[in-house]
Amino acid sequence: MEFKKETVEQIYLRNNGCEAFYKRNHCDSLIYTEGIMDFQKTLNAFWIVECTISHLPKIYEISQAVDDSFFVIQIKVDEKTNTGVFEIYREGYVDNRYRDHLIILKQTIPDVDLPDYDYKFYLILTNKDPVIFTLLLVGEY
């Protein structure tokens, strides 16, 4: 199925709050908002939550090392090759200099069926015991 950029923009615009959270049965460490549910259902992009789950141990380790709880997930899509780059980064100080894009990890995703768009999501460590991250659309923050 082919999606258009306008479809993505509609999803971002129609989700600006949250009344319910969702989670996968196999992972208690990640909850996500109605906007994320809408996004993955509308665009058939369930892989975004699964990819996020697979990287939670590394993200938690870094959050503890740098005492940070706020992360950005960015996905860049190359429509010509149907590939995407899944990137997680944070903001913070390194050597007393503020950096707004400290890359934690990058992963190439093959066979991405999404339109070219600047996809951004927020990932927040909302609880440490037990560890729970919350994934949300930018407009839901």
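Mean residue ellipticity, 222 nm, helices only, the chain: the sum of -39500 (n - 2.57) across DSSP H runs of n ≥ 4, divided by residue count and rounded to 500, is -9000 deg cm²/dmol. P(r) tail for region 1-66: Cα pairs beyond 15 Å make up 60% of the total. Could you work out, for the chain, what percent of all Cα-Cα pairs fall into each 10 Å distance bin, beginning at 0 Å and stopping at the bin that holds the largest distance? All Cα pairs considered, the percentages come to 11, 42, 35, 11, 1.
What is the P(r) of region 46-103, as percent of Cα-Cα pairs per 5 Å bin from 0? All Cα pairs considered, the percentages come to 4, 15, 25, 23, 15, 10, 6, 2, 0.
Computed on region 61-141, the Cα convex hull volume stands at 119 Å³ per residue. Helices assigned as whole DSSP H runs in the chain whose Cα atoms extend at least 24 Å along their own long axis and whose mean Kyte-Doolittle hydropathy is 0.0 or higher are found at 47-66. Taking all Cα pairs closer than 8 Å and separated by 6 or more residues, the relative contact order of region 1-42 comes to 36 percent. Distance between the pseudo-spin-label points of residue 21 and residue 79 (7 Å out from Cα toward the beta carbon): 3.6 nm.
Atom-type composition of the exposed protein surface of the chain places 47 percent of the accessible area on carbon and sulfur (1.4 angstrom probe). Once the 1.4 Å probe is applied to the protein heavy atoms, the chain comes out at 58 Å² accessible per residue.
For the cross-link pairs 58/80; 23/80; 23/120; 5/106, the ones whose C-alpha atoms lie over 28 Å apart are 58/80; 23/80.
The values are calculated or read from the model by the stated rules, or taken from the named source; none is laboratory data. Please read all numbers here as calculations on a predicted model, not as lab measurements. Cβ coordinates were reconstructed from backbone atoms using ideal geometry, including for glycine residues, and neighbour counts include every protein chain displayed. Side chains are part of the model used for accessible areas, which takes the heavy atoms of the whole protein and leaves out ligands, DNA and RNA. Shrake-Rupley method; radii C 1.70, N 1.55, O 1.52, S 1.80 Å.
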